[in-house]
Structures are given as structure tokens and as C-alpha cells.
Amino acid sequence: MLKFAWPWMLGILPVPLVLLYLANLLKSKISKPMPVITFPKLQHVAAVFNKPNNSNKDWLNWRSIILAIAWICLTICLMRPEMIQDIAFAKNTGYDLMLAVDLSPSMEMKDFVAKGSTLSQPISRIAATKKVVADFVEQRNGDRIGLIVFGEQAYLVVPLTLDSKAVVKLLNNLMVGMAGESTAIGDAIGIGLQSLRKRPLSSRVLILLTDGEDKASHIPPLEAAKIAAADHIKIYTIGVGDKLDDNLLKKIADVSGGSYFKATNLADLAAVYSQIDKLEKSEAKQQVLLIRKPLYHVFLLIAILCLAAVFSFNTLRYGLKYEFS
């Protein structure tokens with residue numbers, strides 16, 4: 001679609017006609033003829049720029065049309081024409097999800113069954129977590145996902161991003177014990193708060209999954225949960241395994257306005273993330289991206305060619321002869 005950045009420059013289009021009118025008006029008011037100084041040696045030069053005689057009326061009309069086209073093109077150049085190649089609208093409805101995953105050594109314990117049955121082959125807690133969380137992340141459309149891992153220390157692995165594939169890839173590369181031997185739930189919440197507190201109020205969510213008790217936090221988990229509540233960040237806690245501080249995880253969720261879930265098998269864990277998927281979504285701001293391609297050079301080239309054509313024709317017709325004597 002063709003648009004003009006400075007359409008008001010169209011106002012200069014009639015300037016040559018106004019100047020011509022004023023010149024004729026001034027000429028008609030002059031009673032006495034103006035003195036004329038002639039330069040015989042420059043007659044050929046003057047012939048290039050002066051009007052031809054009456055026998056060349058056809059050429060006069062043609063030249064006027066060419067000059068008019070040149071002026072129109074120059075005016076269009078000043079109007080800054082541009083072609084809008086594409087318009088991209090980004091209007092997402094989603095929320096900001098920060099996932100915190102426990103990587104303490106106990107996550108290697110193989111006490112999860114694939115289908116909620118004791119007859120199925122047991123898998124480790126971390127393997128079950130990776131599978132369910134990866135499925136959960138891949139289904140996010142328009143949500144910004146971040147990833148935190150924690151053990152004795154808490155680390156931000158992936159900041160909030162719309163690239164769910166990158167989150168899944170890094171999630172699958174996690175190794176138990178890479179964050180230390182203990183569990184620091186409060187520190188993981190603190191890292192999540194730093195990433196989420198600048199996001200829209202109604203879309204801040206932290207999902208924390210752990211299988212142990214808090215033993216290494218520098219920030220008390222309940223104090224971190226109170227700060228989260230003040231920042232309108234909901235914390236959903238998920239407990240896996242049998243050695244849990246259920247009371248602490250429930251209080252963290254209650255204080256922040258979230259919920260606590262307990263999962264003892266793969267089906268329960270999948271159901272937990274299915275419930276979280278039903279959270280209320282917030283709408284992101286609309287963004288418009290305009291890809292512009294300037295076109296002034298096209299009209300400038302046409303104007304130059306028109307002026308060159310007029311000059312060349314006059315030069316070839318009347319010639320430029322320089323005599324030195």
C-alpha cells in the first residue's frame with residue numbers, strides 16, 4: 001500500500017503556475033520596455049534555454065508537458081512516498097509463567113509410575129517432571145515461559161520468553177545435582193519474584209515443583225511468599241514424592257493466592273498441570289510493526305530523466321558553439 005510521510009508537501013505543486021501568473025502580471029504593468037543587453041557570442045547558449053520560435057509550437061507543448069512531469073515527480077519526492085510492505089499485529093492473550101524445578105539428588109528416586117498403576121515400570125521423579133512439564137510448555141500459545149532450577153542454590157536458566165522450544169530443550173538437558181545437594185525453596189521464589197514483578201499484574205504466576213524440605217534457603221520461604229503476595233504474584237506449589245513439608249508448601253500457596261497440589265504418579269502430575277492450564281489469562285498490549293520501503297528515488301529518477309531530455313533535445317536542436325576571436 002502506497003503512503004506519503006509528508007502529504008502536506010503537495011501544497012507546493014501549483015508554485016510554478018503562481019510564479020508564471022505573477023510574472024505575466026508584472027510584465028503587463030511595465031509601460032516602458034526594459035533595456036536589453038545582448039551578447040552575440042552567447043546566442044547559441046541562450047537558444048538552449050529560451051523558448052523556440054512560433055514555428056515550433058508542437059515542441060513547445062511537448063517540452064511543457066515534460067517539464068510539468070518533472071515538477072510533479074519532484075513534488076512527490078518531497079512528499080516522501082513509501083510502500084508499506086507488511087503489517088504485523090502481535091496481540092497475545094496469556095500469562096507470565098516462571099517454572100521452578102527442584103534438582104536435589106532425591107529427584108533421582110524411581111517411585112513414579114507411568115499410568116498410575118503399580119504394574120507399570122517406575123520412572124524417576126525428574127524424568128516424570130521433564131515429560132509432564134515439557135508437554136505443558138509445548139502447549140503454551142502466547143504465554144511467556146521462564147525456567148528456574150534450584151537445589152542448594154537457585155539459578156535462572158531461561159528468562160521469560162515466547163520461545164517454548166528453547167525452554168523444552170534446556171529443560172531436557174537438566175541434570176540432578178547441578179544446583180547442589182540440598183533444597184532452597186525460598187531462594188527459588190526470590191529469583192522468580194525478580195523476573196515477574198515487572199510484568200502485568202494479572203498475569204504473574206510462579207509454579208514451584210519440589211520433592212523435599214527447605215534446608216538451604218537464605219530467604220525464608222514464607223517471607224518470600226508474602227513478598228510475592230505484595231507484588232501480586234501467585235505461587236502454585238507442587239509436591240512430588242513422600243518426604244515433603246506439605247504444610248509449608250500449602251502455606252506458601254495460600255499466602256500468595258495460589259494453590260497446592262500433590263502428585264504421587266505421572267497421571268496425578270499431568271492432572272496438576274492441566275488444572276494450572278485453566279488459569280485466567282491476561283491480554284498483552286497490541287503491537288503494530290510497519291515495514292516501510294522508500295520510493296522517492298523512483299520519482300527522483302523520472303524527474304532527472306525528464307530534465308535531461310529537455311536539455312539534450314535543445315542542445316541537439318540548437319547546438320552549443322563557442323567561438324573565440
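The values are calculated or read from the model by the stated rules, or taken from the named source; none is laboratory data. Keep in mind that what you see is a predicted model, and the values were worked out from it rather than measured. Cβ: placed from backbone, ideal geometry, glycine included. Neighbour counts: every protein chain shown.
Please verify whether the range 279-287 includes one or more residues that are part of a strand (DSSP E or B), hydrophobic (A, V, I, L, M, F, W, C), at pLDDT below 90 and on the phi < 0 side of the Ramachandran plot. Looking through the range 279-287, none of the residues is part of a strand (DSSP E or B), hydrophobic (A, V, I, L, M, F, W, C), at pLDDT below 90 and on the phi < 0 side of the Ramachandran plot. Checked against the criteria, T237 counts as part of a strand (DSSP E or B) and β-branched (V, I, T).
Checking the stated criteria, G146 turns out not to satisfy the condition of being in a loop (DSSP other than H, G, I, E, B) and either farther than 20 Å from M175 by Cα or at pLDDT 85 or above (or both). Every test in (1) surrounded by fewer than 24 Cβ atoms within 10 Å (Cβ to Cβ); (2) hydroxyl-bearing (S, T, Y); (3) closer than 26 Å to D277 by Cβ is passed by S182 save one, and that test is (3).
Would the range 52-65 turn up any residue that is at pLDDT 70 or above and of a type in the set (S, T, N, Q)? Within the range 52-65, one or more residues are at pLDDT 70 or above and of a type in the set (S, T, N, Q).
Go through the residues of the range 242-250 one by one and say whether even a single one is modelled with pLDDT of 90 or more, part of a loop (DSSP other than H, G, I, E, B), crowded, with 20+ Cβ neighbours inside 10 Å and assigned by TED's automatic domain parsing to the domain that holds G180. For the range 242-250, residues modelled with pLDDT of 90 or more, part of a loop (DSSP other than H, G, I, E, B), crowded, with 20+ Cβ neighbours inside 10 Å and assigned by TED's automatic domain parsing to the domain that holds G180: absent. Of the residues examined, K115 is one that is at pLDDT below 90 and not in a helix (DSSP H, G or I).
In a residue-by-residue description of the range 207-218, the property of being over 25 Å from D111 (Cα atoms) and out of contact with any Pro (no Cβ under 7 Å at 6 or more places or on another chain) applies to at least one position.
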